[in-house]
Amino acid sequence: MKRDGFLNTQKERLSQKRVGGFLNIDKPTGWTSHDVVAKIRSVMRIKRVGHLGTLDPQATGVLPICFGKGTKLASYLNDADKSYDTVLRLGEETETEDATGKVICSMPIPGELAGASGAKKIIESLMSFVGPYMQRPPMYSAVKINGVPLYKVARGGGVVARPERPVHIRKITFLGIHGRDVAFQVTCSKGTYIRTLCADIGRNLGVGGHLLSLRRTRAGNFDLDDALELETFVTQYQTGEWEKSVYSLNTALKMFPALWVKASEVKAVLNGVQINFDGLEKWDAFEKDSPLRFLDQEENLIAIGQSLRDSMFEESPGADGPAPFKIKTVLRN
């Protein structure tokens, strides 16, 4: 999501920027995702602040933050794919599957994994994980079993059975190997643990491994090139320049088709009243079951809906017949 033109258009009112939106924060190392939320909540002095996609404390990179009315839209963005710059250390397994944990197993790196022939074998292992992949969540994670987070069990020295979960590795790009450290880029579905992926790759190669470093470069439409350091945002807020770094509600959901509501029907939409094509000025083409953006005359997002059928099937838009979409989330001031 490039900054050029985002939120700086004259069509977006100051009040819309203040009532809610999204921030693209470059999470610093050593901070939990909750730490970042708490900091922004304190700086902005508002209660409704959240984040999309948790990053472990030692990981850095893109951490989308939602605030105000933006928190009502988090669920529409949480399902997005994510991309990471990753370094895997071969020959060591840790209890946490990353560099913060105690080493529980060490193995020498055989000569067959060295040099050009070794790189070929490593690349083959990386590529074998591309596609649908059944992954077992790590013990040191927030996944709950019988209502108890796994990390609480792990901290007490316990281990419980964890069912595998389906994830999808969209793409892996090998970047190089230095000694026993393998650098690669990965794009994956939500819910994928990259440290578990690293551990699984290490086991696949027969030498074990763990995640050495991780930097998220993309989360949905939020890109690292546009990410803002946390302290930079704090300074911007203190100097009154913070609004230029806010992604409006409409901008954050630009990937969804838009429906422009007639001025006479805006109040009805804000009250959750279902409308039909005759209540619209114009609309983008949409497919069945697609999320939809309802916009007012000033391009402000006033509601999110869902299509009930393809727009192309509506030959003569009007008030008659079943509504082609329904309103699900209203964004009142």
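The values are calculated or read from the model by the stated rules, or taken from the named source; none is laboratory data. Note that the coordinates shown come from a computational prediction; the quantities given were computed from them, not determined experimentally. Note that we place each Cβ from the backbone using ideal geometry, even for glycine, and neighbour counts take in every protein chain shown.
What the table below lists for this structure:
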read-out	value
Condition check for ALA199: crowded, with 20+ Cβ neighbours inside 10 Å, in the same structural domain as ALA59 (by TED's automatic domain parsing) and of a type in the set (A, V, I, L, M)	no
Cβ-Cβ under 9 Å pairs, at least 6 apart or on other chains, the stretch 230-255 side free of Cβ contacts under 8 Å to residues at least 12 places away in the same chain and of a type in the set (A, V, I, L, M), far side buried (at least 21 other Cβ atoms within 10 Å of the Cβ) and in a helix (DSSP H, G or I)	none
Condition check for GLY50: assigned by TED's automatic domain parsing to the domain that holds ASP226, crowded, with 21+ Cβ neighbours inside 10 Å and over 20 Å from THR196 (Cα atoms)	no
Among the candidates GLY101, GLY30, residue that is over 30 Å from LYS328 (Cα atoms) and not assigned by TED's automatic domain parsing to the domain that holds PHE233	GLY101
Residue within the stretch 151-160 that is surrounded by fewer than 20 Cβ atoms within 10 Å (Cβ to Cβ), modelled with pLDDT of 95 or more and not assigned by TED's automatic domain parsing to the domain that holds ILE304 present	no
Restricting the stretch 202-228 to residues that are out of contact with any strand residue (DSSP E or B) (no Cβ under 6 Å at 6 or more places or on another chain) and assigned to a helix (DSSP H, G or I), the residue that is farthest from SER106 (Cα to Cα)	ASP225
Among (1) part of a helix (DSSP H, G or I); (2) closer than 25 Å to ASN78 by Cβ - the single one VAL234 does not satisfy	(2)
Single condition GLU92 does not satisfy, out of (1) assigned by TED's automatic domain parsing to the domain that holds ARG41; (2) at pLDDT 95 or above	(1)
Some residue of the stretch 55-68 being assigned by TED's automatic domain parsing to the domain that holds GLY118, part of a loop (DSSP other than H, G, I, E, B) and over 23 Å from GLN238 (Cα atoms)	no
Filtered residue count, the stretch 162-201, keeping only those that are among the aromatic types (Phe, Trp, Tyr), in a strand (DSSP E or B) and under 21 Å from the mean Cα position of the chain (by Cα)	1
Members of the stretch 38-53 found to be on the phi < 0 side of the Ramachandran plot and either in contact with a Phe, Trp or Tyr (Cβ under 9 Å, 6 or more places away or on another chain) or part of a loop (DSSP other than H, G, I, E, B) (or both), listed by number	LYS39, ILE40, ARG41, VAL43, MET44, ILE46, LYS47, ARG48, VAL49, GLY50, LEU52
Residue in the stretch 3-17 that is modelled with pLDDT under 95, hydroxyl-bearing (Ser, Thr, Tyr) and assigned to a loop (DSSP other than H, G, I, E, B) present	yes
Matching residues, the stretch 98-129, being under 26 Å from LYS171 (Cβ atoms) and either touching a Cys at 6+ places or on another chain (Cβ under 7 Å) or in a strand (DSSP E or B) (or both)	ASP98
Given (1) at pLDDT below 95; (2) crowded, with 21+ Cβ neighbours inside 10 Å; (3) not in a strand (DSSP E or B), number of the condition GLN297 does not satisfy	(2)
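Yes/no matrix, rows are residues, columns are (1) modelled with pLDDT under 95; (2) within 29 Å of ASP181 (Cβ to Cβ):
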position	(1), (2)
VAL49	no, no
THR54	yes, yes
GLY61	no, yes
GLY70	yes, no
SER75	yes, no
ASN78	yes, no
SER83	no, yes
LEU88	no, yes
THR96	yes, yes
